[in-house]
Each structure stands twice: as structure tokens, then as C-alpha cells.
Amino acid sequence: MKLVFFGAPGAGKGTLAKVVMKELNIPQISTGDLFRQAIKDKTPLGQQVSDILAKGELVPDSLTISIVKERVEQADCKNGYILDGFPRTIIQAEEWEKVAPIDTAIYFDVTDDVVRRRLGSRRVCGNCGAIYNIISLKPKVEGVCDKCGKAQLIIRDDDQEEAINHRLEVYHAQTKPLLEFYDRIKKMVSINANHEVDSMFAEFKKVVK
Ligand code: AMP
């Protein structure tokens, strides 16, 4: 099954994707994670996109599409995948329908206030990338990662208040139009993403057969 998860940053796409990938046994492909890994590894791609990510801008469409094309050619994608955070523009969505038409696009419907609250309280481990939330998903010991034990829980550059506001603006201008696109080609379902992951998963199971 080929799924697209789209919606505002902080809507819970990555969190639900981790649950769904286990259930359906297909990988989650997060373009944000692919870019962040490239930045961490200081690859040429990482150097190219690092400023763009820090500012909350979008990476150019052609570059993003080629990264995803390369990723879906790997063996673990043969039974499908969850595209998390891609497509993010109409151009990406149109192009992807030519490359590998998706089955269903799941729209994560969430208010800007919930997004601001969630992203403002998100922390990531600077060492292993594990994700926490100082309100809803605290580490066992404050400031210390449960998974790798390093005291390196940080706020991502693009989770700083100014970048969050900018990412929301970019989302409303560039990504929200995907609603109409996927609706028009009859591939769109929506779930209420103001709730926690358990109820999102219950709703997911009802709308994606
Ligand atoms: P995310 O973790 O999905 O919020 O993505 C983090 C950042 O990666 C975004 O703010 C963009 O700079 C970049 N990015 C991720 N996915 C895309 C995409 N599909 N198109 C362009 N830029 C992207």
C-alpha cells in the first residue's frame, strides 16, 4: 500500500507513521528525516539544504523528488510505503502521481494553535534523534534521552518560535492546496489530528481499508 501523510508540521504525521508502519509492515519515508540525516552526516546534499531547513523554507521540488525516487527503489519499499511530509507542493504531488501513483492521501486536520503548542514543547536527542515532548512524552530523567542515555535533548532550529510561524505560513500557502488536489483525484481521506496518537490510529483504521 502506498500512503501519503500530509498536514501541518507538528500534526503528528511522524508519530502515527511509526504505529502504522508496524501494523502494515511497510517503511515510513520522511523527507524531513532524510534531509536532517544528510545534514548530520555533512554530505553534499546536507550542505545544500541545511540553511533551507533552519529557516523553515522548502527544499526545491526537483531535488526533493529525486531523493524520494532514490529511496523508494530500495528493497524494503517493494510492498509499499508511507510518505511522511512528501509531497508538500502541488508540483511534487502531480509529479509523484506520474512516478508511482499513491493509493490514499491522509490529511491530518489540526489547528494552528495545537501545532504551536506541540512544536514548542518538542525536544529531540541531538545524539540519536529520538523525539520527546516536555508535556506529553517526557523522558524518564529530565533532559536525558531514554534510548541512548545522552543528556543532549535540544530544541530543533526549526522548532524555534519564529521558524514555527514561518513553517505554518509555508504550509498554508504551499501544502494545504494538496487537499483540493487529492480530493479531485478521489484519493483523499482526513483524520482529526488534534487528538493523541491512539485515537488518530483508531480513526486511521476506519478510513483506510
Ligand atoms: P519535517 O520534518 O517534515 O517538518 O521537514 C523538515 C524540513 O525539511 C521542512 O521544513 C523543509 O525544509 C524540508 N522538507 C521536508 N519535506 C519536504 C518536501 N516534501 N519538500 C520540500 N522540503 C521539504
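The slack between Met1 and Lys186, meaning 0.36 nm per residue of separation minus the straight C-alpha distance, is 65.0 nm. If R0 equals 22 Å, the separation of the Cβ atoms of Lys55 and Lys176 corresponds to a calculated FRET efficiency of about 0.65. Net charge around Lys138, counting only other residues with Cβ within less than 10 Å of its Cβ (Lys, Arg = +1; Asp, Glu = -1)? Here the count lands on 0. The accessible surface of the range 54-115, taken with every protein chain in place and a 1.4 Å probe, is 48 percent carbon and sulfur. Electrostatic bookkeeping for Val170 treats Lys and Arg as +1 and Asp and Glu as -1; over the other residues with beta carbon under 9 Å from its beta carbon, the sum is 0. You can think of it this way: the chain between Ala151 and Val197 has 13.9 nm of extra reach, that is 0.36 nm per residue less the Cα-Cα gap. The label point for Asp103 and the one for Lys42, both projected 7 Å from the Cα toward the Cβ, are 4.2 nm apart.
With a simple spin-label model that places each label point 7 Å from the Cα along the Cα-to-Cβ direction, the separation between Cys128 and Arg116 comes to 3.4 nm. Would you please classify the overall shape of the range 5-102 from the alpha carbon gyration tensor, given that a ≥ b ≥ c denote the square roots of the eigenvalues, rounded means a/c under 1.5, and beyond that prolate means a/b larger than b/c while oblate covers the rest? Here the range 5-102 falls in the rounded category.
Can you give the translational diffusion coefficient of the range 79-183 in µm²/s, computed by Stokes-Einstein from the Kirkwood radius over Cα pairs at 25 °C and 0.890 mPa s?
154
In whole angstrom, the chain maps to an equivalent ellipsoid with semi-axes of 25, 20, 18, each derived as √(5λ) from the alpha carbon gyration tensor and ordered largest first. Restricting the calculation to Cα atoms, every distinct pair contributes to the Kirkwood radius of the range 1-42, found to be 11.4 Å. Remark: relative contact order (the chain) = 30 percent; criterion is Cα-Cα distance under 8 angstrom and separation of 6 or more residues.
The values are calculated or read from the model by the stated rules, or taken from the named source; none is laboratory data. All figures in this text were calculated on a predicted structure; none of them were measured in a lab. Methodologically, a virtual Cβ is constructed for each residue, glycine included, from the backbone with ideal geometry; neighbour enumeration extends over all protein chains shown. Remember, those area values only see protein heavy atoms, side chains included, never the ligands or the DNA or RNA. Shrake-Rupley method; radii C 1.70, N 1.55, O 1.52, S 1.80 Å.
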